[in-house]
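Notes to accompany the following structure.
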Amino acid sequence: MTTSVQQISVPAGAPTEAAAVKVQTPFRRFLSDFFESGTAIAAFTVLLVIIFIAVVAPLISPTNPYDLAIVTVLDNRLPPGTRNLDGMTFWLGTDGAGRDLLSAIFYGLRTSLWVGVMSGLIALCIGGTIGLIAAYFGGRTDTLIMRIVDLQLSFPAILIALVLLAVLGKGVDKIIIALVAVQWAYYARTVRASALVERNKEYIEAAICLALGHRRIVFRHLLPNCLAPLIVVGTLQTAHAISLEATLSFLGVGLPITEPSLGLLIANGFEYMLSGRYWISFFPGVALLVTIVSINLVGDQLRDVLNPRLQR
Amino acid sequence: MTSARSTLQVEGLETYFFTKAGVVKAVDGVSFAVGRGEVMGLVGESGCGKSVTGFSIMGLVDPPGRIVGGQVLFNGENLLTASEEHMRALRGSRIAMIFQDPMMTLNPVLRIDTQMIETIRAHERIDHASARQRARDALGQVGIPSPDERLRAYPHQFSGGMRQRVAIAIALLNKPDLIIADEPTTALDVTIQGQILYEAQKLCRELGMALIWITHDLAVVAGLADKICVMYAGKIVEQGLVDDVLDHPVHPYTVGLIGSVPSHNPRGQPLAQIPGMTPSLLNLPPGCAFRTRCSRASGICEQEPRLSEPRSGHKVRCFHPCLEGHA
Amino acid sequence: MSVFIIRRLLQSIVVVAVMSLLVFFAVNVVGDPVDMLINPEADQAEIEKTMRAFGLDRPVHEQYWFFLSNAVKGDLGKSFIFGEPALKLIVERMPATLELAFAALLLAVVIALPLGIYAGLKPDSKFSKTIMAGSILGFSLPTFWVGLMMIMVFAVMLGWLPSTGRGETTSLLGIQVSFLTWDGLRHLVLPALNLSLFKMSLTIRVARAATREVVHQDYIKFAHAKGLSSRRVILVHLLKNIMIPVVTVLGLELGGLIAFSVVTETVFAWPGMGKLVIEAIQNLDRPIIVAYLMITVLMFVTINLLVDVLYSVLDPRVRLQDVKA
């Protein structure tokens, strides 16, 4: 039933129409597909704004929240919109140490994004390479790599990260290492799956027959054809990494107090929550949520657009 | 062919699919009738709307499809205005259906006995043991060896042919008045196909059921059916008794279809074929849908041809029927 | 069937052995074993005594053997903070964590499964779209922050539910549980809901995807053609088929629930093993960390084993493959 409907609904493609359609490059078609959805446009815009804020945080923040010369404890726990004696307005209030929450969120966003993006990129490089190697060489190499990947993926990410941080200690570098260790397996699995499909196609056979070097075949021929799923997983994994970093920092095992991310800001507000001073935890949480939701929505749309099975 | 003794009479049935790309007229004004003990072959290429016709009679058209017009009279009652609950009570009990792919029709995670017994108990209050007994008998009837044992099996433990027999047994369970078989032998080996055809015909005659056999295979219809309807692009282009239509086809499409059967071609000659492709049913222009592939087409074919009856009981929808050859 | 279970069992033992090796190396190679195993405040004599007791003066492979044989005997060292065997402390806290995890799992099944099936059956309805938007949000919301907001709304602002602790517990088969008393139940609601949120989103997605796939299968249409009621088609024909992916995902996610309870337990001061291990990490109470790891590894492996067995019960085709193999 379904098949017959699909068959009859495929237009025969009148030649006049075909001639009218402009020749599109794959990238332009990708752009027009991507921006077809209003949600995707909104999410993408929000994400751009967030990235912009994170990059220029020191320039646009009302104050430097970590400059001890400016911050005074006298301003602590002020509700949103309060003006202090110096005529300074705290639009989102202040935290327990008297820091302007808006500025702290800008700085926190910077740290959170940095950790998320860096760990994502490193994991992508490592995991991607391992996945390509598994698919290209196959056989025992593949079995061994995939066993390790499966074993790791059968344990929750947070557990592995906790263990590593327990051993390594706190710090931006440490948490990036932990997040890379958690994420590489996802990339390896994704790349391997699509590389396996490509591996059996004729152009790879042809490249092998030309006796090109392994490295050249893997990175110049195989990799470019596995990029689409890698981009999708990369986007969604970055959102995951940001969330995980926030969680770990909240638990007090992630970043040190000197480099607070959004997670740490939320944790700092926790103790004031029960006395009704909601804003110290609430606003950093909203910033975190908006960041993660917009990345996820962009990732979802990328998946729909780049998925060859859904190609229109 | 009078409506009084027809089990099923379909009048001007229209089933359209409202897709994003436009309206697909999968079934566009189809009329036919089948009586007790009668076998009707519904023939056409893939995508001509013959399966949708079957599902329309069952009231099982999935969205975005919708029945937009016509009548389906079953024992005199119009099914298109019947309540959903009444339709449910008819399905599987008075009207049964057999699907194309036996590998997909049986639920893979339920045992055969569950799938058979639920069919009986959906329609009558009967205890489990008697229902089981009837299921067992039905399996025996379609030629499945050691039915008691097979009842406890799962579908994947059967071969394709055996699964189709099980599906037929399920269709027979409640002794329906009408069976719609949607290409039930297409997925099977030729030898198995022969056995199933033979048994279907026998059961139909013995039990006095009406049978609609949907297929693209003219050879199957020739051996099995009493009547034939040839469908093209959602419309019936030719219908009549099977011998009349197959021996003296009058619609150019039917002529081409029969000519395409390899055994009709002299050895050593290139095989005859119909040029072109089945048209898309999406936003089909008015007029005869076959005109772009037809050697006899003329300007008038851009208008809608009406059904004419050049010979008694043999109807055709064409401005230029091939009558010269055999009339 | 039994061949299948035995094979899986052997695989599980291999996994546990590999994990014990990894944990051992995390302790002995990445970190300094003396730091890891011995209370930093211990004096020289005590250090040497412990080093001998743990065989730290021996070659690495002998040390591993020593660690393993002690582990099998249930000796994973004493907590520096509590001065009690680490394993005992973990096992004491286990019922609280398991209760929380199972309550969350139950919520995911009871709430999310019907929602997911509905969204799969009627993908274009407004309600389905709301469900799916909710599930995207559920995926994106950081668990700990939602926990905080729950406390703020339901405990601080509305005052309906308590925000910390387990409440009154009763003994069920010698295990302390909360869900049998009204007070305990009130304490359980927020943490369980919080922990469940992510799994609910996941269950909705899996159930919806599976439903959308199954609902177009011929056997569902055939079931309708047999004249079965929609109720029976959905509750038997559809549900039994979508249970295969749903059970796989949910079962494997039970491990995730136990691991993620670390977060929920910290937020709601739920006295489970997750809260214990976070405190241990902050206090560098390493024997507890090692004991927690070994116990969770054992639990995950057991869960995976059970899911595999359950899977073969649900899907007759898996059983057949096994007979062939």
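Things worth noting here:
- For chain B, lysine pairs separated by 8 or more sequence positions, or belonging to different chains, with Cα-Cα distances below 25 Å total 17.
- Computed log10 I(q)/I(0) for the stretch C:92-269 at 0.16, 0.17 Å⁻¹: -0.95, -1.03, from the Debye equation with unit scatterers placed on every C-alpha and solvent omitted.
- Binning all Cα-Cα separations of the protein assembly as shown at 20 Å, short to long from zero, yields these whole-percent fractions: 11, 34, 32, 18, 5, 0.
- By the compact-protein rule of thumb, 2.2 N^0.38 Å, the alpha-carbon radius of gyration of the stretch B:1-99 corresponds to a ratio of 1.06.
- Counting Cβ atoms of other protein chains within 10 Å of each Cβ in B:98-106 and taking the mean gives 4.
- Net charge of Cβ neighbours under 13 Å - reference residue C:76; Lys, Arg +1; Asp, Glu -1: +1
- Ranking C:282, C:296, C:243 by Cα position along the charge dipole of the stretch C:203-325, where only Lys, Arg, Asp and Glu carry charges on their C-beta atoms, puts C:243 farthest toward the positive end.
- Scalar couplings 3J(HN,Hα) for the stretch A:185-199, obtained by applying the Karplus form with A = 6.51, B = -1.76, C = 1.60 to θ = phi - 60°, are 5, 4, 5, 4, 5, 4, 5, 4, 4, 7, 5, 4, 5, 5, 4 Hz; x denotes Gly and Pro.
- Pairing chains A and C buries close to 3300 square angstrom of accessible surface in total, based on protein heavy atoms and a 1.4 angstrom probe.
- Relative contact order [Cα under 8 Å, 6+ residues apart], the stretch B:109-173, whole percent: 45 percent
- Set of lysines with alpha-carbon distance to residue C:88 below 18 Å, sequence-local pairs under 8 removed: C:73, C:78, C:275
- Residues in the stretch A:159-264 average 40 Å² of solvent-accessible surface per residue, probe 1.4 Å, ligands and nucleic acids excluded.
- Order of exposure, largest accessible area first, which applies to C:275, C:129 with probe 1.4 Å: C:129, C:275
- Spin-label zone in the stretch C:230-257 - amide nitrogen under 13 Å from a point set 7 Å from the Cα of residue C:121 along the C-beta vector: C:230-240
- Under 19 Å from residue A:201, Cα to Cα: aspartates and glutamates that are on another chain or at least 8 residues apart: A:142
- Zone of residue C:283's modelled label, taken as backbone nitrogen in the stretch C:72-90 under 14 Å from a point 7 Å along Cα→Cβ: C:78-87, C:89-90
- Taking 7 Å steps out from each Cα toward its Cβ at residue A:154 and residue C:84 produces label points 3.2 nm apart.
- Solvent-accessible area buried by C and B, counting both chains, probe 1.4 angstrom, square angstrom: 2300 Å²
- Projecting label points 7 angstrom from Cα along Cα→Cβ for residue A:63 and residue B:129 puts them 8.7 nm apart.
- Amide proton proximity set for residue B:237, modelled H, under 5 Å, gap of 5+: B:230, B:231, B:232
- Reciprocal of mean inverse Cα separation for the stretch B:109-173 (Kirkwood radius, Å): 11.5 Å
- Ranked order, B:312, A:294 - accessible area, probe 1.4 Å, largest first: B:312, A:294
- Whole-angstrom gap from the stretch B:75-117 to the stretch B:276-302, using each part's C-alpha centre: 36 Å
- Projecting label points 7 angstrom from Cα along Cα→Cβ for residue C:252 and residue A:30 puts them 2.8 nm apart.
- Most to least packed among A:123-130, A:143-150 [average Cβ atoms within 10 Å]: A:123-130, A:143-150
- Applying 0.36 nm per residue to the separation of residue C:66 and residue C:49 and subtracting their alpha-carbon distance, the gain on full extension is 4.6 nm.
- Carbon and sulfur %, accessible surface of the protein assembly as shown computed with the full protein complex present, 1.4 Å: 61 percent
- Taking every protein chain into account, the 1.4 Å probe leaves residue B:80 with about 60 Å² of accessible area, to the nearest ten.
- In the context of the full set of protein chains, the stretch C:199-325 has a per residue accessible area of 34 Å² (1.4 Å probe).
- Taking amide H as placed 1.01 Å from N in the peptide plane, the amide H of residue B:29 sits under 5 Å from that of B:13, B:14, B:15, each at least 5 places away or on another chain.
- Rg to Rh, two decimals, where the stretch C:246-325 supplies the alpha carbon set and Rh follows Kirkwood: 1.17
- Calculated [θ] (222 nm, deg cm²/dmol) that DSSP helices of n ≥ 4 give over chain C, each run adding -39,500 (n - 2.57): -23000 deg cm²/dmol
- The residue A:41 and residue B:23 beta-carbon pair, evaluated with R₀ = 35 Å, returns a calculated FRET efficiency of approximately 0.70.
- Over the stretch B:51-121, the Kirkwood radius and the radius of gyration, each from Cα atoms, give a ratio Rg/Rh of 1.00.
- Nearest-10 value in Å² for the accessible area of residue B:114, using the 1.4 Å probe: 50 Å²
- Note on residue C:313/residue B:277: beta-carbon distance plugged into 1/(1 + (r/R0)^6) with R0 of 60 Å gives a FRET efficiency of 0.80.
- Hydrodynamic radius of the stretch B:131-262 per Kirkwood, over alpha carbon pairs, in Å: 16.2 Å
- For the stretch B:124-176, the set of trypsin sites (Lys or Arg not before Pro) satisfying both a DSSP loop assignment and a count of at most 12 other C-beta atoms within 10 Å is given as B:125, B:152.
- Cα-only Debye scattering, chain C: base-10 log of I(q)/I(0) at q = 0.13, 0.14 Å⁻¹: -1.08, -1.18
- The calculated FRET efficiency for residue C:305 paired with residue B:219, based on their beta-carbon distance and R0 = 41 Å, is about 0.15.
- Cα convex hull, chain B: 147 Å³ per residue, rounded to a whole number.
The values are calculated or read from the model by the stated rules, or taken from the named source; none is laboratory data. Owing to the predicted nature of the structure, the values given are computational and were not obtained by experimental measurement. Cβ coordinates were reconstructed from backbone atoms using ideal geometry, including for glycine residues, and neighbour counts include every protein chain displayed. Remember, those area values only see protein heavy atoms, side chains included, never the ligands or the DNA or RNA. Shrake-Rupley method; radii C 1.70, N 1.55, O 1.52, S 1.80 Å.
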